[in-house]
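The values are calculated or read from the model by the stated rules, or taken from the named source; none is laboratory data. None of these values were measured; they are calculated from a predicted model. Counting neighbours? That spans all protein chains shown, and the Cβs are built from the backbone with ideal geometry, glycine included.
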Amino acid sequence: MSNHTELVREAAGAVIDPELRRSLADLGMIGAVSTQNNTASVEVRLTIAGCPAAQKIESDVRAAAESVNGIDDVTVDVQVMTAEERAELLGRLRPSGAKQNPFGPGTLTRVIAVTSGKGGVGKSTMTANLAAALATQGFRVGILDADVYGFSIPALMGLAPGGVAAKPTRLDDMIVPPVGHDVKVISIGMFVENANAAVAWRGPMLQRTITQFLTDVYFGDLDFLLLDLPPGTGDVAITVGQQLPNAEVLVVTTGQTAASEVAVRAGVVARQTGQRILGVVENMGPLVLPDGSTLALFGEGGAETVANELSVGQDKAVEVLAKIPLSLGLREGGDEGTPIVLSNPADPAAQAITELARVIAHSGPSRAGINLGITPA
């Protein structure tokens with residue numbers, strides 16, 4: 001193999017699959033490569049026919065090959081993997097073979113369940129913006145939208161243009177989640193006909209859905225997995241508590257007494273399943289008016305009430321981690337599918353959420369002593 005050919009293979013192989021987030025070389029997606037004079041031919045083997053990332057992969061491979069000194073013209077031959085090649089790929093992604101929940105006790109991923117006592121406090125908006133802020137800070141982040149009845153994460157993350165959520169890619173029995181704003185996202189909203197479809201399931205179906213999301217979806221190596229829980233203390237919260245007892249729980253409330261009182265119950269149920277209360281966030285705080293005065297439309301002090309109640313009988317007090325001011329831009333960002341921490345980082349709400357992400361990133365249990373599953377050479 002000529003030096004030129006090897007350089008082109010290395011450049012094309014270094015391209016990252018936008019869904020699987022691993023290099024094409026690691027995934028075995030680069031086939032035959034040849035060069036002659038100043039031209040190159042690269043074969044790319046996609047995982048499935050109709051792969052949604054096909055166009056980007058082809059474009060990135062062409063650009064990578066053209067970046068090799070002396071190569072002026074590139075032909076990319078797009079093929080589809082055989083069943084045997086796809087099985088080999090799945091073996092790379094899932095070395096253990098059997099489907100399992102990779103986020104249970106002992107995981108290197110910090111699992112944060114965002115919960116509230118009642119709906120309408122901005123829990124999903126908080127999840128989306130917190131995930132985007134963590135991704136901006138260099139972390140690998142995923143969101144599991146566990147709010148099966150009231151799913152909204154696809155729209156908030158820009159993955160539901162025209163009201164139709166992006167569909168995950170299926171590799172045999174593995175589900176590859178779409179990526180929005182550099183965050184991997186899975187939601188039941190990606191499996192229904194349209195954004196207005198109603199999901200009318202009872203407990204067993206809810207449990208199976210959450211279990212399937214945890215075992216069948218390939219998130220890859222994550223630093224953080226955020227779960228957007230439904231409000232209250234129902235079946236989903238209990239299922240998550242059983243399957244992810246290691247999760248840290250972020251309780252979202254407003255300053256309103258009606259919201260803070262029921263938020264305490266969500267924290268109590270989480271603690272009963274062994275989960276740790278990460279802290280409390282007060283959303284929709286006082287709005288600064290043009291004349292400099294403030295309007296506490298939803299009251300104040302709700303977060304302190306929740307934190308104090310959840311601190312009773314505990315060795316360590318529960319802290320109020322952030323207070324997010326009411327923001328028109330925060331709502332507009334949700335409607336447009338672009339978290340405000342990305343679209344307008346100078347907004348007071350965006351600044352507060354970005355700081356919350358920093359606080360969370362530098363908190364949590366130590367990872368010292370955890371077995372990485374590798375042996376020094």
Open item on the list: For segment 296-319, which positions are among the acidic types (D, E) and loosely packed, with under 15 Cβ neighbours inside 10 Å?
Closed with: D315
Task: Residue satisfying condition, being assigned to a loop (DSSP other than H, G, I, E, B), over 12 Å from the mean Cα position of the chain (by Cα) and modelled with pLDDT of 90 or more, within set T107, T125 - done: T107
Task: Count - residues of segment 22-66 that are closer than 23 Å to E85 by Cα, touching a Gly at 6+ places or on another chain (Cβ under 9 Å) and of a type in the set (S, T, Y) - done: 1
Open item on the list: It is to be established whether one or more residues within segment 1-21 are at pLDDT below 90, closer than 28 Å to G180 by Cα and surrounded by fewer than 19 Cβ atoms within 10 Å (Cβ to Cβ).
Closed with: yes
Open item on the list: Looking at (1) at pLDDT below 95; (2) out of contact with any helix residue (DSSP H, G or I) (no Cβ under 8 Å at 6 or more places or on another chain), which one does L326 not meet, given that it meets all the others?
Closed with: (2)
TODO: Just name the residue that is surrounded by the most Cβ atoms within 10 Å (Cβ to Cβ) out of those in segment 132-151 that are touching a strand residue (DSSP E or B) at 6+ places or on another chain (Cβ under 6 Å) and of a type in the set (V, I, T).
DONE: I143
Open item on the list: Please verify whether G31 is touching a residue at least 40 places away in the same chain (Cβ under 8 Å), more than 18 Å from Y218 (Cβ to Cβ), among the small types (G, A, S) and touching a His at 6+ places or on another chain (Cβ under 7 Å), treating the condition exactly as stated.
Closed with: no
TODO: Quick one: which helices (runs of 4 or more DSSP H) lie wholly within segment 283-372 and hold at least 1 residues that are in contact (Cβ under 8 Å) with a residue 12 or more places away in the chain and within 18 Å of V249 (Cβ to Cβ)?
DONE: 302-311, 348-361
Open item on the list: Please verify whether V74 is under 29 Å from the mean Cα position of the chain (by Cα) and part of a strand (DSSP E or B), treating the condition exactly as stated.
Closed with: no
- [ ] May I ask you to verify whether G292 is out of contact with any Gly (no Cβ under 6 Å at 6 or more places or on another chain), on the phi > 0 side of the Ramachandran plot, modelled with pLDDT under 90 and not polar (S, T, N, Q)?
- [x] yes
TODO: Evaluate segment 364-375: report whether one residue or more is modelled with pLDDT of 90 or more and either in contact with a Leu (Cβ under 7 Å, 6 or more places away or on another chain) or loosely packed, with under 11 Cβ neighbours inside 10 Å (or both).
DONE: no
Open item on the list: Take A317 and tell me if it is in the same structural domain as V114 (by TED's automatic domain parsing), under 19 Å from A132 (Cα atoms) and out of contact with any Cys (no Cβ under 8 Å at 6 or more places or on another chain).
Closed with: no
TODO: Please work out if G279 is under 21 Å from L330 (Cβ atoms) and surrounded by 16 or more Cβ atoms within 10 Å (Cβ to Cβ).
DONE: yes
